[in-house]
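**Student:** Dropping a structure here in structure tokens format, bear with me for questions.
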Amino acid sequence: MAGDADVIGVNASRQGKEVYDFLVTVRSKDTGWDRYADRIEAVAPDGRVLGTRILEHPHDDEQPFTRDLFGVHIPDTFHKVTIRAHFKPTGWMGETFVVRLPEDAR
């Protein structure tokens, strides 16, 4: 494992014009409320955060875990996004996952 919270898989699907859903799999070093993966984000190639899912609790007994990130608005000009996981307290130190948007989405 490279970091405290690594994105190890992403499944992207188109839900409408410029709207996407993601199923994100994260492996993290959760040990309770003081140290856990607390959110996932979809980030555009220009660095703009396009969508965020707050993770409400630690997943120390569920590793890896998969959560959804639904209804993310992504302009047609982007063909891929980066999915990342934030770890409390160390931040964005884990592996990210670049996902190409489905061809039928553009």
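**Student:** Quick check: net charge around Pro89, other residues with Cβ under 10 Å of its Cβ, Lys/Arg +1 and Asp/Glu -1?
**Tutor:** -1
**Student:** So, one more: Rounding to the nearest 20 debye, state how big the charge dipole of segment 24-72 is about its Cα centre with +1 on each Lys and Arg Cβ and -1 on each Asp and Glu Cβ.
**Tutor:** Dipole about the Cα centre, nearest 20: 200 debye.
**Student:** Just to confirm the filter: which GluC sites (Glu not before Pro) across segment 37-101 are DSSP coil and have at most 12 other Cβ within 10 angstrom of their Cβ?
**Tutor:** Glu56, Glu62
**Student:** A further question follows. Can you tell which of Arg27, Arg35, Arg48 shows the greatest fluctuation in a Gaussian network model of the chain with Cα springs below 10 Å?
**Tutor:** Arg48
**Student:** How large is the convex hull of the Cα atoms of the chain per residue, expressed in Å³ as a whole number?
**Tutor:** Dividing the Cα hull volume of the chain by its residue count gives 83 Å³.
**Student:** May I pose another question? Using a cut-off of under 16 Å, list every residue of segment 78-92 whose amide N is near the label point 7 Å from the Cα of Glu103 along the Cα-to-beta-carbon line.
**Tutor:** Under 16 Å, as judged by backbone N against the label point of Glu103, lie 79-80 of segment 78-92.
Read-outs: derived from the displayed coordinates by stated rules, not from any lab. Here the structure is a predicted model, which is why all the values come from computation and not from measurement. Cβ: placed from backbone, ideal geometry, glycine included. Neighbour counts: every protein chain shown.
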